[in-house]
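Before any comments, here is the structure.
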Amino acid sequence: MAQAEEARDRLAQAHGIDPAHIEIVAVTASGDRIQDRALAEIGGKALWTKELDAWLAAGEIDFAVHSAKDVETLRPDLFTIAAVLPREDVRDVLIGAESIAALPEGAVVGTSAPRRAAQLLHARPDCKAVTFRGNVATRLAKLAAGEADATFLAAAGLKRLGEHGTGHPLDEEHWLPAPGQGAIVIECRAGDERTRTFLSAVDHGQSRAEVMAERALLAGLGGNCHSPIAVLTRSYGHELVMRAALYSPDGAEHVEGHARFATSDEEAPARLAADLLARAVPAIADHFDGPGT
């Protein structure tokens with residue numbers, strides 16, 4: 001809802017209209033209703049989009065607001081990403097310890113993200129990752145109840161909820177974030193030119209370039225919700241610098257690569273994906289299907 005409100009307010013400001021003229025329709029996603037299992041076990045990222053997709057396809061809503069990292073790589077042709085809002089802080093925040101190194105020996109860390117679990121186990125194989133799902137308040141309550149010694153949250157989500165100063169941000173140069181992390185995307189029907197034009201007023205070019213490049217990397221890798229993928233993309237004028245890493249689920253193996261390319265080079269992320277897969281050991285490569293999947 002915080003993301004929807006931000007999208008509404010930005011659109012109202014861009015068009016000089018009263019925010020009340022943009023109605024927010026609350027739709028509870030399956031991903032919110034089912035919280036006792038990891039997403040990969042119950043349908044993956046589609047659990048965050050399928051209800052909104054149905055409403056959008058039926059014309060019940062004109063556009064849908066999503067976290068970029070929760071939108072499947074391959075989307076129905078019926079929809080298009082009409083806007084990417086200015087990207088927030090991409091970092092993960094560790095709650096319960098000052099750093100990964102400061103976690104106590106054998107610490108139990110709650111996370112439902114294969115990327116976070118793999119990165120944790122790569123850095124600290126003595127630790128244990130357990131499934132932790134729910135919104136910010138739910139995860140913090142689970143931590144307070146002693147279900148884990150520490151957990152991860154996205155800095156962007158904390159900031160949007162006004163939870164400034166909560167936890168310890170992890171250096172994104174050493175702890176790469178998830179593809180799309182910190183970005184809000186707005187989808188509408190591809191053929192709805194009026195809405196596409198309306199939404200284009202809040203499309204942030206730099207953020208779009210970064211997010212679309214990361215989505216192209218995902219498409220080239222053919223990953224799924226079981227695939228631990230981390231990527232950091234930075235903009236330098238008309239160029240992007242992308243660093244990406246793939247992990248085995250247990251964190252024992254990883255492969256990393258980087259590329260610098262023009263924002264107009266739509267094939268560069270796929271080339272980086274191919275390079276990573278070519279160098280990946282089977283314990284990593286078995287969790288990726290390659291391009292077009």
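The values are calculated or read from the model by the stated rules, or taken from the named source; none is laboratory data. Keep in mind the model is a prediction, meaning the values are calculated, not measured. As a convention, Cβ positions derive from the backbone with ideal geometry for all residues, glycine included, and neighbour counts pool all protein chains shown.
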Practice task
Specify which of the listed residues (Ala216, Ala201, Ala190) is farther than 22 Å from Pro19 by Cβ and surrounded by fewer than 19 Cβ atoms within 10 Å (Cβ to Cβ).
Solution key: Ala190
Handout entry: Within region 139-252, strands (runs of 3 or more DSSP E) holding 2 or more residues that are not hydrophobic (A, V, I, L, M, F, W, C)
Key = 184-189, 229-236, 239-247
Practice task
Please find, within region 119-152, the residue that is nearest to the chain's Cα centre (by Cα) out of those that are buried (at least 22 other Cβ atoms within 10 Å of the Cβ) and within 19 Å of Ala101 (Cβ to Cβ).
Solution key: Phe152
Handout entry: Checking Pro86 against (1) more than 30 Å from Ser200 (Cβ to Cβ); (2) assigned to a loop (DSSP other than H, G, I, E, B); (3) touching a residue at least 24 places away in the same chain (Cβ under 8 Å), the condition it does not meet
Key = (1)
Exercise for the section: Identify all residues within region 94-106 that are surrounded by 19 or more Cβ atoms within 10 Å (Cβ to Cβ) and over 22 Å from His254 (Cα atoms); write none if there are none. Expected result: Ile95, Gly96
Exercise for the section: With respect to Ser112, determine if the residue is under 14 Å from the mean Cα position of the chain (by Cα), outside the structural domain of Asn224 (by TED's automatic domain parsing) and of a type in the set (Ser, Thr, Tyr). Expected result: yes
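Can you confirm whether Thr80 is of a type in the set (Ser, Thr, Tyr), touching a strand residue (DSSP E or B) at 6+ places or on another chain (Cβ under 7 Å) and surrounded by fewer than 20 Cβ atoms within 10 Å (Cβ to Cβ)?
In short, yes.
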